[in-house]
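The values are calculated or read from the model by the stated rules, or taken from the named source; none is laboratory data. The model shown is predicted, which means the values in this text are computed figures rather than measured ones. Positions of Cβ are generated from backbone atoms using ideal geometry, with glycine treated the same way; all protein chains shown enter the neighbour counts.
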Amino acid sequence: DTVHVLNGPNLNLLGTREPDVYGRATLSDVEETCRRACERHGLGLVFRQTNHEGELVSLLQEAQGSLGVVLNAAAYTHTSVAVADAIKAVGLNVVEVHLSNVFAREAFRHHSYVSPVALGVICGLGIEGYRLAIDALAARRVS
Ligand code: DQA
């Protein structure tokens, strides 16, 4: 079984991007955390980042057949009907993750197109959220 961890726009800049909000960890650090979590569960990992909405849709389609997806759609969370439709189309378990607590931030971050089609949502726990999301998908695996 494989877990796909998909990251949206600007997350390639983690580490230097608004560190007060997102922390000092880089996207490579996030990938390392995910790799360790997947290894612990005997799961394969596909880890990707894109700045493009349509590419994120394609990456969700490519996750078909996997155990599930950990998705930080970043700003597209709040804007993208296409990403929500892709999640519905593939019918996969998707755990929505945000590094920051979006509910403690601007009002436009309080709405998510992803949440209604997600299995669950984790936000505000930084990098740890990715690990928890992988643990949750692994726990639901039927072997
Ligand atoms: C984010 C929160 C989003 O509101 C924001 O647009 C991001 C990152 C997070 O991980 O906290 O780019 O998804």
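Values for this structure:
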item: Selection status of L71, closer than 23 Å to E128 by Cβ and either away from the ligand (no atom under 14 Å from the Cβ) or out of contact with any Asp or Glu (no Cβ under 8 Å at 6 or more places or on another chain) (or both); result: no
item: Members of the range 40-59 found to be of a type in the set (S, T, N, Q), in contact (Cβ under 8 Å) with a residue 24 or more places away in the chain and either under 11 Å from V5 (Cα atoms) or more than 16 Å from the ligand (Cβ to nearest atom) (or both), listed by number; result: Q49
item: R105 vs. criteria of a type outside the set (S, T, N, Q) and over 21 Å from V142 (Cα atoms); result: yes
item: Residue check, E62 away from the ligand (no atom under 15 Å from the Cβ) and without any contact (Cβ under 8 Å) to a residue 40 or more places away in the chain; result: no
item: Residue match in the range 46-63 (condition: surrounded by 19 or more Cβ atoms within 10 Å (Cβ to Cβ), among the small types (G, A, S) and closer than 21 Å to D135 by Cβ); result: yes
item: Tally, over the range 88-120, of residues that are within 21 Å of L43 (Cβ to Cβ), more than 10 Å from the ligand (Cβ to nearest atom), free of Cβ contacts under 8 Å to residues at least 40 places away in the same chain and of a type in the set (A, V, I, L, M, F, W, C); result: 3
item: Test for T77: is it of a type in the set (S, T, N, Q), surrounded by fewer than 22 Cβ atoms within 10 Å (Cβ to Cβ) and at pLDDT 95 or above; result: no
item: Residues that are out of contact with any Leu (no Cβ under 6 Å at 6 or more places or on another chain) and polar (S, T, N, Q), drawn from the range 13-56; result: T16, S28, T33, N51
